[in-house]
Amino acid sequence: MKQIFESQAAGSIPGTFNQTYAILCGLADFFYTCGNESLFHKAEFWEIIQKGLVLEEPLSRKRAMYLLKRTLDLLDKQPCDLLVQNDKGLQIFCWSRNKKDSRMRVWQDYVLLMETLEEKQV
């Protein structure tokens, strides 16, 4: 998946970037089971989500939002601390079980805002 994502980002294979989100959503039940959160510790996963949220194609944005919501839901249910950094040492995502309620409210507000903006306006 990382290769598909990177190849499209580099522009070498047209149309494969969106396959990343289709694959992740298709395998969501596998990735989002309790005890199988190793994907959430990967900086590449969070970079794919971030890039997907700002794509021009609505289906890919919707899939990226779905993945974000599923991830937040699982993190909210499991007591864990998570700090994801990229290879440059920059923090990409942080989750703390001590602050999960306040962080979840912020993420819920973000999701609500993004979904509202996504709706067609008359």
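Key figures for this structure:
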quantity: Estimated Rh, segment 16-106: Kirkwood, alpha-carbon pairs, angstrom; calculated: 13.7 Å
quantity: Candidate residues S102, S96, S60: accessible-area rank, largest first, probe 1.4 Å; calculated: S102, S96, S60
quantity: By accessible area with a 1.4 Å probe, ligands and nucleic acids excluded, highest first: order of K120, K69, K77; calculated: K120, K77, K69
quantity: Pairwise FRET efficiency - I23 versus V106, Cβ, R0 = 30 Å, nearest 0.05; calculated: 0.55
quantity: Computed FRET value (nearest 0.05) for D87 with E115, which takes r as the C-beta separation and R₀ as 22 Å; calculated: 0.10
quantity: Sites D76 and E44 - FRET efficiency at Förster radius 22 Å, r taken between beta-carbons, to 0.05; calculated: 0.45
quantity: Label-point gap, in nm, between L59 and F30 - each point 7 angstrom along Cα→Cβ; calculated: 2.1 nm
quantity: Amide H within-cut-off set for I92, under 5 Å, with H built and near neighbours excluded; calculated: V84, Q85, N86
quantity: Under 5 Å, built H, 5+ apart or other chain: amide partners of C80; calculated: R97
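The values are calculated or read from the model by the stated rules, or taken from the named source; none is laboratory data. Note that the coordinates shown come from a computational prediction; the quantities given were computed from them, not determined experimentally. Ideal geometry is used to build each Cβ from the backbone, glycine not excepted, and the neighbour counts take in all protein chains shown. Just so you know, the surface numbers come from the protein's heavy atoms only, side chains and all, with ligands and any DNA or RNA stripped out. Shrake-Rupley method; radii C 1.70, N 1.55, O 1.52, S 1.80 Å.
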